Amino acid sequence: MDNHTPELEELIKQFSKLPGLGPKSAKRIILKLINNKENMIKPLAKSLASVYKNIIRCRDCGNLKAINNKCICEQNINSYDKICVVENLADMWVIDSSNIFKGYFHILGGTLNPNENYDQKNLLIDSLVKRIKRNNLKEVIIATSATVEGQTTAHYIEDAIKSNKIKISKLGQGLPVGGEIEQLDDGTLISAFKNRVPVSSD
Ligand SMILES: [Zn+2]
């Protein structure tokens, strides 16, 4: 099985990097694609090229948007009074589909690493502060994971926004230690939202 052409080797290598796929399942997918060149490879290549060209991350809210369109965060100003801060898109998707939260989302794009001198250059924290002011928000719910990185990030955000005299809360009981938001089931997530705890400001 290891006498693939370089093109196929490269494709297997790329697919093997995807979450949940190892070389074995990557080969199975590629075999399926090769056997359906016109019906599967062509539209897939077109769709990937289009996403590569047209989809970017919004610098204000962290969500994905089409390059020529306004982001959802620019369209629905003053619709809600709460904002939920998450680490990544997957976290937003699980919270959104649980229907526990109605409000804006803010996607940081990762967490702070406590070992790397709180390097926050890639996280959208400054733009969070701007969005809070612009939208007259009343509450910020910090929904970072119950990991060391997630909690470090939460503290950093609290410090960055507390001068705005806004209610800050964090997800509460029910969130397992070390738990990542995107792994939680709806029940746990809903209870963590309902039992969210105010962050004491000093
Ligand atoms: Zn946006």
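Taking segment 128-187 as the range and being among the small types (Gly, Ala, Ser) and closer than 18 Å to Gly110 by Cβ as the test, the residues that pass are Ala143, Ser145, Ala146, Gly150, Ala154, Ala160, Gly178, Gly179.
Screening Lys167 with (1) more than 14 Å from the ligand (Cβ to nearest atom); (2) touching an Asp or Glu at 6+ places or on another chain (Cβ under 7 Å); (3) open to solvent by less than 70 Å² (accessible area, probe 1.4 Å) gives one miss only, at (3).
Counting only strands (runs of 3 or more DSSP E) that sit wholly inside segment 46-90, those with at least 1 residues that are surrounded by 16 or more Cβ atoms within 10 Å (Cβ to Cβ) are 64-66, 82-86. For segment 91-115, the set of residues classified as of a type in the set (Ser, Thr, Tyr) and either closer than 17 Å to Asn63 by Cα or open to solvent by 30 Å² or more (accessible area, probe 1.4 Å) (or both) consists of Ser97, Tyr104, Thr111, listed by residue number. Checked against (1) at pLDDT below 95; (2) assigned by TED's automatic domain parsing to the domain that holds Gln183; (3) closer than 26 Å to Val148 by Cα, Tyr80 passes all but a single condition, namely (3).
Checked against the criterion of being in contact (Cβ under 8 Å) with a residue 24 or more places away in the chain, more than 20 Å from the chain's Cα centre (by Cα) and either assigned to a strand (DSSP E or B) or away from the ligand (no atom under 16 Å from the Cβ) (or both), the candidates Lys27, Lys32 yield just one match: Lys27. Scanning segment 57-102 for residues that are at positive phi and either of a type in the set (A, V, I, L, M) or within 14 Å of the ligand (Cβ to nearest atom) (or both) gives a single hit, Gly62. Of all residues in segment 128-153, exactly one satisfies the criterion of being among the acidic types (Asp, Glu) and open to solvent by 20 Å² or more (accessible area, probe 1.4 Å), namely Glu149. Residues in segment 15-41 that are surrounded by 12 or more Cβ atoms within 10 Å (Cβ to Cβ) and closer than 29 Å to Lys65 by Cβ: how many? So the answer is 6.
The values are calculated or read from the model by the stated rules, or taken from the named source; none is laboratory data. All of these numbers come straight from a predicted model, not from anything done at the bench. Using ideal geometry, Cβ is built from the backbone for each residue, glycine included, and neighbour counts are taken over all protein chains shown. Keep in mind that these areas ignore ligands, DNA and RNA; they rest on the heavy atoms of the full protein, side chains included. Shrake-Rupley method; radii C 1.70, N 1.55, O 1.52, S 1.80 Å.
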